[in-house]
Amino acid sequence: MYDLIVIGGGPAGYVGAIRAAQLGKKVAVVEADRAGGTCLNWGCIPTKALLKNAELYQTLTKKASTFGISFDNLSYDWSKVVGRSRQVSTRLAGGIEFLFKKNKIDYIRGFGSVIDNRQVEVTATDGSKQVVEGANIMIATGCKSRELPPLPFNGKSVISSKEAMNLAEQPKEMIIIGAGAIGVEFAYVYNAFGTKVTIIEMQPNLLPVEDTEVGKELQKSFTKQGVRSLTDTKCVAFRDNGDSVSIDVEGPKGNETITAGVCLVAIGVAPVLPGGTQPELDRGFIQVDDRYQTSIPNVYAVGDISGPPWLAHTASFEAIQCVEGLFVEGHTPRKVGNFPGCTYCHPQVASVGKTERALKEEGVDYKVGKFPYAAIGKAQASGDAEGFVKLLFGKEHGELLGAHIIGDNATELIAEMGLALEMELTNEEIHSTIHAHPTLAEAIHEATLDADGHAIHF
């Protein structure tokens, strides 16, 4: 009898399993594919390897002369570009399997089905079955790419993000439907290597969940880079031609038909449920209470399978909260509150807290501090000075309400803002903190000063 059976070995499942093992519990993880889940094997990690390759290649092709570098016959091997991303994933998946051994966690390969609130049936790839018993079951099965009904995935001309990071041949032209994080990251990667990319988004801006100014700034940058961004545009007809896809669109500049050899559908995610007895669902996602328990007693659900936000770091947070609620006496689990959102195209985008759009809708009085990368010495020295930091503070008390960064290393800089938001810091407390010079973090310091009109270098 296990203390905890975890179904799913992604950022929610493996983190929750390790935390339970640290607390001295007997734990098993059931995983149908490989440890690390979609994030490590087909999502967050391999895409970052592709993005690094793309950024390096773009730097050499577009900015070499800026750094006094010149060369002849620069080329790349697409199979090695893709191969490096796969090697990174394989190495890290092996690392998680090592952590299972280190923490004495039983790792059971197969598809998990919930029989009841104590038993899980595991079906291996060869069809054999076994039943494992546990006092508690935690479902962490995650999500997969959502399909567009008129244009189903075929793995060749119509692809999901999984195929996009593993294409054997680089397409000459690509359509991307959806300008969320996945859409814009792949737009950046393929454009950097010379694919003609058109990205279609029905909302007015790229990255619609981000601050409006950030979305507009990214679109401006993408246009300079050669990505065609059709925002405020609807797809009204779809044709899979076998070796290409044609899409009729309606936008502010009229109607047109766009054709490309490959169409990446990046319109969101769909839940991946375990087999067997199903807990109560809402739009396909498992519903949970304040302790992450489902409608089935002793069966819990964490991460993407229990609904938004669909992020690896929030999934890990939920898993730890759930496990500590189960096994740490007196611990009251927390639900996700403030969390950073990060997009790793170039320029990078990161945010935490409220957007200016949301504050206006809520009728909150606020003040804005904004500072451009172009006025930061480190950004100029690095040859990467596009973007800005935008901070939102309460007008009366000066408390931080939201932080939005677009520019080099935005995804690293946002951590300070997450901590400031969690600790309810004010603009005075942030700008009284000395920020090292020269660093990109000085843009945060200056943006804080700008909220009161006191920015020094702008």
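To the nearest 20 debye, what is the magnitude of the charge dipole of region 318-458 about its Cα centre, counting +1 on the Cβ of each Lys and Arg and -1 on the Cβ of each Asp and Glu?
Numbers: 10 positive and 22 negative charges, 66 e Å.
About 320 debye.
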Seminar exercise, completed: Restricted to the chain, the DSSP antiparallel beta bridge percent, nearest 5, is 65
Exercise. How many lysine pairs in region 347-450, separated by 8 or more positions in sequence or lying on different chains, have Cα atoms less than 25 Å apart?
Worked result: 13
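Based on other C-beta atoms within 10 Å, arrange 196, 234 from fewest to most.
Numbers: 196 16, 234 13.
Least to most surrounded, the residues fall as 234, 196.
Using a ≥ b ≥ c from the Cα gyration tensor of region 343-458 (square roots of the eigenvalues), is it rounded, prolate or oblate, where a/c under 1.5 gives rounded and otherwise the larger of a/b and b/c decides, a/b for prolate? Don't jump to the answer; show the numbers that get you there.
On the way: a/c = 1.78, a/b = 1.40, b/c = 1.28.
Since a/c reaches 1.5 and a/b is larger than b/c, the shape of region 343-458 is classed as prolate.
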Exercise. If you compute percent of Cα pairs over 27 Å apart for the structure shown, which of (1) 59; (2) 65; (3) 53 do you land on?
Worked result: (1)
Problem set entry | Two-site FRET efficiency, residue 162 against residue 115, from Cβ-Cβ distance with R₀ of 30 Å, rounded to 0.05 | 0.50
For this session: Classify region 158-265 as rounded, prolate or oblate from the Cα gyration tensor: take a ≥ b ≥ c as the square roots of its eigenvalues, call it rounded if a/c is under 1.5, otherwise prolate when a/b beats b/c and oblate if not.
Result: oblate
Seminar exercise, completed: Note, residue 174: beta-carbon cut-off 14 Å, +1 each Lys/Arg, -1 each Asp/Glu, net -1
Exercise. Based on DSSP, what percent of beta bridges with both residues in region 158-265 are antiparallel, to the nearest 5?
Worked result: 50
Problem set entry | Proximal lysines to residue 129, defined as alpha-carbon separation beneath 25 angstrom and excluding residues fewer than eight positions away on the same chain | 25, 26, 101, 104, 144
Exercise. Taking the Cβ of residue 379 as the center, what net charge do the other residues with Cβ under 12 Å away carry, scoring Lys and Arg +1 and Asp and Glu -1?
Worked result: -4
For this session: Would you work out which of 194, 180, 14 lies farthest towards the positive end of the dipole of the chain, given +1 charges on the beta-carbon of Lys and Arg and -1 on that of Asp and Glu, about the Cα centre?
Result: 194
Seminar exercise, completed: Distance in Å, no decimals, from the C-alpha centre of region 26-75 to the one of region 230-246 is 28
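Report the relative contact order of region 347-450, percent, no decimals, based on alpha-carbon pairs under 8 angstrom and at least 6 residues apart. Don't jump to the answer; show the numbers that get you there.
On the way: 207 pairs, mean separation 35.6, N = 104.
Normalised by residue count, the contact order of region 347-450 is 34 percent.
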For this session: Using per-residue counts of other Cβ atoms within 10 Å, averaged over each peptide, order 40-46, 338-344 from highest down.
Result: 40-46, 338-344
Seminar exercise, completed: Looking only at aspartates and glutamates whose Cα falls under 17 Å of residue 234's and that sit 8 or more positions away or on another chain, we get 147, 201, 248, 250, 256
Exercise. For residue 336 and residue 423, what is the calculated FRET efficiency with R₀ set at 25 Å and r taken between the beta-carbons, to the nearest 0.05?
Worked result: 0.90
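What size of dipole, in debye to the nearest 20, comes out for the chain about its Cα centre when the only charges are +1 on Lys and Arg C-beta atoms and -1 on Asp and Glu C-beta atoms? Walk me through the intermediate numbers first.
Values: 43 positive and 55 negative charges, 276 e Å.
Here the size comes out at about 1320 debye.
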Problem set entry | Span from the region 384-458 Cα centroid across to the region 159-223 one, whole angstrom | 28
Seminar exercise, completed: With residue 157 itself left out, Lys, Arg at +1 and Asp, Glu at -1 over residues whose Cβ is under 12 Å from its Cβ give -2
Seminar exercise, completed: Computed, not fitted: 222 nm per-residue ellipticity of the chain from DSSP H runs ≥ 4 (each -39500 (n - 2.57)), nearest 500, equal to -9500 deg cm²/dmol
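May I ask you to sort 184, 88, 122 by Cβ crowding, counting other Cβ atoms within 10 Å and putting the fewest first? Display every interim value, and only then the final one.
On the way: 184 27, 88 17, 122 22.
Fewest to most other Cβ atoms nearby, the residues stand as 88, 122, 184.
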Exercise. Highest mean first, what order results for 126-136, 59-69, 23-33, 310-320 on Cβ atoms within 10 Å?
Worked result: 310-320, 23-33, 126-136, 59-69
Exercise. Residue by residue, what Karplus-based ³J(HN,Hα) values in Hz, rounded to whole numbers, does region 142-154 have, using 6.51, -1.76 and 1.60 with θ = phi - 60° and x for Gly and Pro?
Worked result: x, 9, 9, 4, 7, 7, 8, x, x, 9, x, 4, 10
For this session: Would you please classify the overall shape of region 331-411 from the alpha carbon gyration tensor, given that a ≥ b ≥ c denote the square roots of the eigenvalues, rounded means a/c under 1.5, and beyond that prolate means a/b larger than b/c while oblate covers the rest?
Result: oblate
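Which order do 397, 346, 431 fall in if you start with the one that has the fewest other Cβ atoms within 10 Å? List each step's numbers first, then the result.
Numbers: 397 10, 346 25, 431 21.
Neighbour counts put them in this order, fewest first: 397, 431, 346.
Throughout, read-outs are computed from the coordinates displayed, never taken from laboratory work. Here the structure is a predicted model, which is why all the values come from computation and not from measurement. Glycine gets a Cβ as well: all are built from the backbone with ideal geometry, and neighbour counts include every protein chain shown.
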